[in-house]
Amino acid sequence: MRIMSSSACGAPRDFGFSDHFSAAFASLAGEGEEAARVVEERRGSYRVLRAGSGGSPVEEEARVSGSFRRGADSAAEMPAVGDWVLLRASAPGASGPAMIEAVLPRRSAFVRKAPGDTAHDKVEAQVVAANVDTAFIVTAAGRDWNPRRVERYIALAAAAGVRPLLVLTKADLAEDPAALLAEAALVAGEAAIALVCAPEGMGLGELSSALAPGETVVLLGSSGAGKSTLLNALAGRELAATAAVREDDERGRHTTTHRQLYRLPSGALVIDTPGMRELQLWADEGAVGSAFPEIEELAERCRFRDCRHEDEPGCAVLAALEGGRLDSSRYESWRKLVKEAAFLRTREDYAARDAERRKWKSIEKSMKPFKNRDSRGG
Ligand SMILES: Nc1nc2c(ncn2[C@@H]2O[C@H](COP(=O)(O)OP(=O)(O)OP(=O)(O)O)[C@@H](O)[C@H]2O)c(=O)[nH]1
Ligand SMILES: [Mg+2]
Ligand SMILES: [Zn+2]
């Protein structure tokens with residue numbers, strides 16, 4: 001096992017290689033394996049960044065090794081942008097990509113339900129970004145504004161163990177910025193809110209607390225919300241392509257097509273992502289609850305500890321709702337998301353059990369030849 005010297009650590013540190021990962025690396029890395037961070041992913045092919053010989057960062061192509069692929073039980077275990085991985089360089093003189101042998105334990109993972117998955121018996125998690133400190137929930141003033149979608153993102157962030165920050169873009173298009181901010185405050189829960197106009201550099205200072213050197217931020221939001229424009233404004237140069245939204249409905253054109261991690265001159269790391277077409281919840285009821293702190297606070301005063309806030313006597317949530325102290329659309333939204341999370345949990349249990357069953361089946365199968373030989377007494 002090789003422990004990285006502090007000089008070799010220079011480049012990984014610049015990419016968020018904190019003590020957490022350095023400890024994991026020290027205990028897990030095998031001979032000839034280096035730590036590298038996944039900076040780009042396109043359909044099973046990765047680009048990773050590692051420390052070069054002189055300590056300067058080297059970016060290269062990588063693939064997962066055969067043994068890694070065979071050992072992975074689900075899509076969520078595959079490397080994702082932001083992951084720290086154990087990398088084995090291609091043999092000296094040999095061409096071909098380096099091999100990813102393992103993913104270091106994640107500190108956080110932004111997970112969503114894989115899109116287009118309507119089968120009743122299968123639910124797959126997809127890791128959108130790993131080892132993220134803050135999620136910028138990017139939403140534009142105008143027709144992109146959708147408080148219900150923001151609540152979903154905030155629940156997802158809570159489930160990921162990631163701090164959410166609501167970024168309202170296109171401030172110049174807001175008819176009534178004060179009203180927009182007030183509406184945002186209603187759904188932001190404990191998340192901070194920033195109103196920005198990236199092309200003019202307005203409001204960017206409010207994001208600086210999340211952009212300290214070595215901190216990782218992921219940009220999430222629908223296509224055309226202005227994620228890549230924000231990235232470029234923060235970087236001070238054009239790192240990612242942007243394109244005008246459609247005139248008729250203000251929707252984006254899915255300009256960004258893959259997830260990629262960039263390093264800002266300030267030393268912060270920003271993951272730009274493609275706009276999501278559908279945002280399905282991958283959160284438990286606890287994470288949903290934390291997106292609705294006002295309901296959680298009221299719930300403490302319900303008569304029954306396991307109150308569902310539906311029709312129970314002495315329910316403080318229902319009382320606040322009737323008294324107009326709790327916004328009814330917030331209550332409805334909370335109910336909907338809790339139901340969704342509960343439904344997903346039953347599906348998830350099923351999927352987990354099914355995966356386990358299949359695993360044992362294949363182990364049994366591979367043991368059969370030996371068993372048969374035994375029974376023949378050979
Ligand atoms: N008026 C105005 N336009 C903006 C602002 N920010 C971004 N835009 C424009 O919005 C359009 C879409 O911006 P992008 O940055 O490409 O959006 P995106 O979120 O990256 O979209 P995808 O990559 O498709 O997910 C571009 O034409 C930007 O110039 C803003 O603050 N004000
Ligand atoms: Mg983009
Ligand atoms: Zn109650």
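The values are calculated or read from the model by the stated rules, or taken from the named source; none is laboratory data. Everything numeric in this text was worked out from a predicted model, so none of it was measured. Positions of Cβ are generated from backbone atoms using ideal geometry, with glycine treated the same way; all protein chains shown enter the neighbour counts. Note: accessible area is taken over every heavy atom of the protein model, side chains too, but ligands, DNA and RNA are not part of it. Shrake-Rupley method; radii C 1.70, N 1.55, O 1.52, S 1.80 Å.
Taking max minus min of the alpha-carbon positions on each principal axis, the chain gives extents of 78, 59, 41 Å, largest first.
The heavy atoms of residue 309 present about 20 square angstrom of accessible area, all protein chains included, probe 1.4 Å. Computed about its Cα centre, the charge dipole of region 186-281 is approximately 340 debye, with only Lys, Arg, Asp and Glu carrying charge at their Cβ.
In whole percent, how big is the carbon plus sulfur part of the accessible area of the chain, probe 1.4 Å, protein atoms only? Let's see the in-between values first.
Working: 9530 of 19200 Å².
Ligands and nucleic acids excluded, carbon and sulfur give 50 percent.
Once the C-beta distance of residue 297 and residue 60 is scaled by a Förster radius of 41 Å, the resulting FRET efficiency is 0.25 to the nearest 0.05.
Stretching residue 247 away from residue 143 to a fully extended chain increases their span by 36.3 nm, per 0.36 nm per residue minus the current alpha-carbon distance.
For region 50-89, rounded, prolate or oblate, judged on the Cα gyration tensor with a ≥ b ≥ c (square roots of eigenvalues), a/c < 1.5 rounded, else prolate if a/b > b/c?
prolate
Please give the length that would be gained between residue 285 and residue 310 if that part of the chain were fully extended, namely 0.36 nm times their separation in residues minus their C-alpha to C-alpha distance (nm, one decimal).
Working: separation 25, 0.36 × 25 = 9.00 nm, distance 1.54 nm.
Full extension of this stretch gives 7.5 nm more.
For region 11-158, calculate the relative contact order in percent as a whole number, restricting contacts to Cα pairs under 8 Å that are 6 or more residues apart. Show your work: numbers first, answer last.
Values: 233 pairs, mean separation 28.6, N = 148.
It comes to 19 percent, rounded to a whole number.
Subtracting the Cα-Cα distance of residue 347 and residue 254 from 0.36 nm times their residue separation leaves 30.4 nm of extension gain. Calculated mean residue ellipticity, 222 nm, the chain: -10000 deg cm²/dmol, from DSSP H runs (n ≥ 4) at -39500 (n - 2.57) each, averaged per residue and rounded to 500. Of all DSSP bridge pairs formed entirely within the chain, close to 60 percent run antiparallel.
Phi angles of region 219-226 translate, via the Karplus equation with coefficients 6.51, -1.76, 1.60 and θ = phi - 60°, into HN-Hα couplings of 9, 10, x, 6, 4, x, 5, x Hz per residue; Gly and Pro are given as x. Ordered by solvent-accessible area of protein heavy atoms (1.4 Å probe), largest first, the residues 255, 169 come out as 255, 169. What translational diffusion coefficient, in µm²/s and rounded to a whole number, does the Stokes-Einstein relation yield for region 175-275 at 10 °C and a viscosity of 1.306 mPa s, taking the hydrodynamic radius as the Kirkwood radius over Cα pairs? Translational D for this selection: 109 µm²/s.
Just flag the GluC sites (Glu not before Pro) in region 136-218 sitting in loop per DSSP whose Cβ has no more than 16 other Cβ atoms within 10 Å.
Details: sites: 151, 175, 183, 190, 200, 206, 215; in loops: 175, 190, 215.
Here the GluC sites (Glu not before Pro) that fit, given the DSSP loop and packing criteria, are 175, 190.
Loop-located GluC sites (Glu not before Pro) in region 275-313 (DSSP state not H, G, I, E or B) with no more than 10 neighbouring Cβ atoms inside 10 Å: 278, 300, 310.
Taking 111, 338, 218 as the candidate residues, the one with maximal mean-square fluctuation in a Gaussian network model of the chain, Cα springs under 10 Å, is 338. What the chain shows is 51 Å² of accessible area per residue, with the surface traced by a 1.4 Å probe over protein heavy atoms. The magnitude of the dipole of region 33-91, with charges of +1 and -1 set on the Cβ of Lys/Arg and Asp/Glu and taken from the Cα centre, is near 160 debye.
Can you list which of the trypsin sites (Lys or Arg not before Pro) found in region 13-43 are DSSP loop residues with at most 14 other C-beta atoms within 10 Å? Can you show the working numbers first?
Values: sites: 13, 37, 42, 43; in loops: 43.
The qualifying sites are 43.
Coupling constants for region 295-312 follow from the phi torsions by the Karplus curve (6.51 cos²θ - 1.76 cosθ + 1.60, θ = phi - 60°), and in residue order they are 6, 4, 5, 4, 4, 5, 9, 5, 5, 9, 5, 9, 4, 9, 6, 10, 8, 6 Hz; glycine and proline get x. For region 31-174, the square roots a ≥ b ≥ c of the C-alpha gyration tensor eigenvalues yield an a/c of 1.5 or more together with a/b exceeding b/c, which makes the shape prolate.
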